[in-house]
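Structure first, commentary second.
The values are calculated or read from the model by the stated rules, or taken from the named source; none is laboratory data. These numbers were taken from a predicted model, which means no experiment stands behind them. Counting neighbours? That spans all protein chains shown, and the Cβs are built from the backbone with ideal geometry, glycine included. To get the accessible areas, we keep the full protein, side chains included, count just its heavy atoms, and leave off ligands, DNA and RNA. Shrake-Rupley method; radii C 1.70, N 1.55, O 1.52, S 1.80 Å.
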Amino acid sequence: HFYPVVDKRYVTFHSHGEDDSRNYSHLQEVVDILRPILDKEGIKICQLGAEKDVPISNCESFLNKTSINQCSYLLNKSLLHFGVDSFLLHVASFHNTPIVGLYSNKPKEITRPLWNKESQVLIESFDNYPSYASSENPKTINRIGPESICIEVLDALKIPHKLKEYKTISIGGLYYNPVFEVVPDFIPSPDFFPNTLLN
């Protein structure tokens with residue numbers, strides 16, 4: 001069950017929770033911010049999860065490629081694990097791997113991992129009371145700015161950065177519906193940007 005990935009230093013993350021309200025929509029931005037900083041330190045970013053999880057680019061993907069034992073091995077050798085409240089957060093904690101966890105529909109006091117509490121950073125997205133709902137519209141977890149997660153990850157790894165100078169002001173509802181603008185001076189083929197909105 002050992003998985004041959006420990007030739008380099010790496011961090012892991014997981015994007016998919018049991019409930020849709022736990023699924024953080026801005027993990028691509030988190031990886032895009034972290035990647036150049038971690039590259040300078042010789043640290044890879046690895047995504048763990050199942051086939052149903054949303055693939056994130058700019059990292060090494062282990063989606064649907066590992067058993068739970070292999071995930072456990074990867075988490076044991078990881079420098080840090082970050083992601084949503086899920087089983088893998090608990091496995092990382094069991095291995096004493098530092099974690100940065102995102103909590104949305106349930107308070108961290110109820111579902112936090114039991115082990116290694118001194119190296120846990122748990123970020124809640126709700127103001128006063130959690131919804132306990134399996135689905136939220138809009139999702140409160142998306143209130144967490146990507147830079148907030150990056151700051152906690154880099155601080156836990158003791159990597160200097162200047163991210164505290166940045167703050168997400170707003171992420172609009174159409175942020176994940178990109179529109180391509182095209183000058184119609186040619187005849188596009190039928191497979192020209194399929195399933196996307198073109199102006």
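Just a few scattered comments:
- Tabulated pairs, region 103-123, first under 17 Å from V153 (Cα atoms), second part of a loop (DSSP other than H, G, I, E, B) and open to solvent by 50 Å² or more (accessible area, probe 1.4 Å), C-beta under 9 angstrom, 6+ apart or interchain: Y103/R112; N116/N96; S119/N96; Q120/R112; L122/R112
- Residue ID - most open to solvent (accessible area, probe 1.4 Å), chosen from residues in region 61-80 that are under 23 Å from P36 (Cα atoms) and of a type in the set (G, A, S): S61
- Matching residues in region 7-57 - criterion: being among the polar types (S, T, N, Q) and either touching a Phe, Trp or Tyr at 6+ places or on another chain (Cβ under 6 Å) or under 21 Å from Y73 (Cβ atoms) (or both): T12, S15, Q47
- Region 131-141: number of residues that are surrounded by fewer than 19 Cβ atoms within 10 Å (Cβ to Cβ) and either at pLDDT 95 or above or under 26 Å from T97 (Cβ atoms) (or both): 0
- Of the criteria (1) open to solvent by 50 Å² or more (accessible area, probe 1.4 Å); (2) in contact with a Lys or Arg (Cβ under 6 Å, 6 or more places away or on another chain); (3) of a type outside the set (D, E); (4) at negative phi, which one N58 fails: (4)
- Number of positions in region 144-199 that are aromatic (F, W, Y) and either in contact (Cβ under 8 Å) with a residue 24 or more places away in the chain or open to solvent by less than 80 Å² (accessible area, probe 1.4 Å) (or both): 3
- Near pairs, Cβ below 6 angstrom, 6+ apart or cross-chain, from region 10-30 (closer than 13 Å to K139 by Cβ) to any residue that is open to solvent by 20 Å² or more (accessible area, probe 1.4 Å) and among the charged types (D, E, K, R): S21/E136; S21/K139
- Scanning region 113-125 for residues that are touching a strand residue (DSSP E or B) at 6+ places or on another chain (Cβ under 6 Å) and either closer than 21 Å to E29 by Cβ or in a loop (DSSP other than H, G, I, E, B) (or both) turns up V121, L122, I123, E124.
- Filter pass, L79 being at pLDDT 90 or above, touching a strand residue (DSSP E or B) at 6+ places or on another chain (Cβ under 8 Å) and closer than 24 Å to E41 by Cα: yes
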